[in-house]
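Okay, so here's the structure we're looking at.
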Amino acid sequence: MAWYFILLIVLGCLLGLFGLLFAAFITNADGKMIEKIYNALSKYHDNKDKTEKI
């Protein structure tokens, strides 16, 4: 395999990663994901038994 094929594959992967991250930024997907995780964790935490030790 020639070196330029390897370079082309690496550049393609970098462009794909950049496109994926750009799409997540434009659609605010990262904030939506954090909101879903936060809601799931808060439901879990609210249902846990709590004991207060003073």
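Between K48 and L8, what is the label-to-label distance in nm when each label sits 7 Å out along the Cα-to-Cβ direction? For the pair K48/L8, the computed spacing is 5.3 nm.
The angle between the Cα long axis of helix 3-26 and the longest principal axis of the Cα atoms of the chain comes to about 40 degrees, rounded to the nearest 10. Of the residues L14, I34, H45, the one whose Cα sits farthest toward the positive end of the charge dipole of the chain, with +1 on the Cβ of Lys and Arg and -1 on the Cβ of Asp and Glu, is H45.
Per the helix-only calculation at 222 nm, which mean residue ellipticity applies to the chain, given -39500 (n - 2.57) for every DSSP H run of n ≥ 4 and division by its residues, nearest 500 deg cm²/dmol?
Details: 2 runs with 43 residues, N = 54.
Mean residue ellipticity, 222 nm, calculated: -27500 deg cm²/dmol.
What percentage of the solvent-accessible surface of the chain, computed with a 1.4 Å probe over protein heavy atoms, is contributed by carbon and sulfur atoms?
Working: 3950 of 5560 Å².
Of the solvent-accessible surface of the chain, carbon and sulfur hold 71 percent.
So with the 1.4 Å probe, I'd like the accessible area per residue for the chain, rounded to whole Å².
Value for the chain: 103 Å² per residue.
The values are calculated or read from the model by the stated rules, or taken from the named source; none is laboratory data. Values in this document were obtained by computation on a predicted structure and should not be read as measured data. Neighbour counts run over all protein chains shown; Cβ positions are idealised from the backbone, glycine included. To get the accessible areas, we keep the full protein, side chains included, count just its heavy atoms, and leave off ligands, DNA and RNA. Shrake-Rupley method; radii C 1.70, N 1.55, O 1.52, S 1.80 Å.
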